[in-house]
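*Asks:* Structure below; questions to follow.
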Amino acid sequence: MEPGFMKANSNNLPKIDAVTLGRFFASNTDFCSSEFRNVKTSMSSRASYGDDAISYVQLKRDDKLCTVKCKICPEHKVHAKLYGCTLVVDEEEDIIISIQCHDCVAPKGGCKHAIAFLMWVHRRSEEPSCTAIECYWKKSKLSRVGSSLKFMTAKELSNGNQLLPANISVLTEFLDEAKKRKIENCELLKYHNDFILSDTHAISMHHLMCKYKHKGVDDFLKDICLTESLINKVEEETRDQHKCNLWYELRYGRITASRAYEVSRCKTADGTLVSLILGGKISDTVAMSRGRVLEDEVRKTVEIKLKKKINKCGLMLSEK
């Protein structure tokens, strides 16, 4: 412990509320100019890291200023040297003067260790008062992994408290409201018994197999009925091809014309071709990306040379 400092506990830490935090982040260019979306800031402020990494907290009061120092364990090297962080707070004006990390490679510009320490002090300020006094001059849980603490479970890394109690009525109310508004593009609704698929999505091979799974192959093929109007509707809705979700949904499990030759020559029972038919993807190459970009330009050039209109075509299904 440094001269003039005392061990920090739940009774002597400075109070930092949400207003003080917001004012500091809004006025400090180290945190608001470098990253406008503040994604990294929110990640660094999570309790699952700060509460396990902060250790050896000490403080000193000099008139209206309170200086709080800590040691924080780096998450990528838990047995390496601990980083030191210093927080200075004006307790009369409720203003955060500064927060700085001294030992990491990026101490300037608002590093994540400084944010983690600041949010740790804020969380201690928001905790309800208790009869017992907790001392914060102790080794962090994260730095004890592999020494006195042999392992940590995923449950121990978090506080394990549910944000809201389980309430089944919330799902029921959501489903009722979705029916009233006739919402169809919600993934959650697709797993409910009352969900009704559109005509085009209902002929997906996946949904057809789920519908006729208790019947044999002959009954399965006999019960599938694709009318001419439905085939035309599918073709119209899939003209955007790779930009359309229905394009991939209906191609799943079906042998398309582009795969027919490969299927006739394939001798592998469970290889790459089968994976592609069942929805697998191959790595996108430069040539494939270039082909998608040039497709419209090539179509226009051919139209000019042939003096004919070339329309886009969607997925054409066979009645058989």
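*Asks:* Please order Trp137, Trp120 by the number of other Cβ within 10 Å, starting at the fewest.
*Replies:* Trp137, Trp120
*Asks:* If we count every other residue with Cβ under 14 angstrom of Thr172's Cβ, Lys/Arg +1 and Asp/Glu -1, where does the sum land? Please list the in-between numbers first.
*Replies:* Values: positive: Lys179, Lys180; negative: Glu173, Asp176, Glu177, Asp194.
Charge balance in the 14 Å sphere: -2.
*Asks:* If you don't mind, another one. Rg to Rh for the stretch 203-306: what is it, with Cα atoms only and Rh by Kirkwood?
*Replies:* Details: Rg = 17.1 Å, Rh = 16.6 Å.
So for the stretch 203-306, dividing Rg by the Kirkwood Rh gives 1.03.
*Asks:* Based on Cβ point charges of +1 for Lys and Arg and -1 for Asp and Glu, what charge dipole magnitude is obtained for the stretch 203-306 about its Cα centre, in debye rounded to the nearest 20? Write out the running numbers ahead of the final one.
*Replies:* Values: 18 positive and 16 negative charges, 55 e Å.
Using Cβ point charges on Lys, Arg, Asp and Glu, the stretch 203-306 gives about 260 debye.
*Asks:* Of the cross-linked pairs Lys267/Lys300; Lys112/Lys243; Lys222/Lys267; Lys222/Lys308, which ones have a Cα-Cα span greater than 32 Å in the structure shown? Walk me through the intermediate numbers first.
*Replies:* Working: Lys267/Lys300 40 Å; Lys112/Lys243 39 Å; Lys222/Lys267 29 Å; Lys222/Lys308 41 Å.
Result: Lys267/Lys300; Lys112/Lys243; Lys222/Lys308 exceed 32 Å.
*Asks:* Another question about this same structure. Taking Lys215 as the anchor, which lysines have their alpha carbon closer than 22 Å to its alpha carbon, excluding any fewer than eight residues away along the same chain?
*Replies:* Lys320
*Asks:* Please give me the summed charge of the neighbours of Ser198: other residues whose Cβ is under 10 Å from its Cβ, Lys and Arg +1, Asp and Glu -1.
*Replies:* Values: positive: Lys233; negative: Glu184, Asp199, Glu237.
For residues surrounding Ser198, the net value is -2.
*Asks:* Please go through the stretch 270-320 and write out the GluC sites (Glu not before Pro) that DSSP classes as loop and that have at most 13 other C-beta atoms within 10 Å.
*Replies:* Numbers: sites: Glu295, Glu297, Glu303, Glu319; in loops: Glu319.
Passing sites in the stretch 270-320 are Glu319.
*Asks:* Within a 10 angstrom radius of the beta carbon, how do Lys69, Lys139 rank from fewest other beta carbons to most?
*Replies:* On the way: Lys69 20, Lys139 15.
Least to most surrounded, the residues fall as Lys139, Lys69.
*Asks:* Could you line up Phe24, Phe117, Phe220 from fewest to most neighbouring Cβ atoms inside 10 Å?
*Replies:* Details: Phe24 19, Phe117 28, Phe220 15.
Going from least to most buried by this count: Phe220, Phe24, Phe117.
*Asks:* For the stretch 220-312, which trypsin sites (Lys or Arg not before Pro) are in a loop by DSSP, counting at most 10 other Cβ atoms within 10 Å?
*Replies:* Hits after loop and neighbour filter: Lys267, Lys281, Lys307, Lys308, Lys309.
Taken together, the values in this text are just the output of simple stated rules run on the coordinates, not laboratory data. Please read all numbers here as calculations on a predicted model, not as lab measurements. Backbone-built Cβ (ideal geometry, glycine too); neighbour counts: all protein chains shown.
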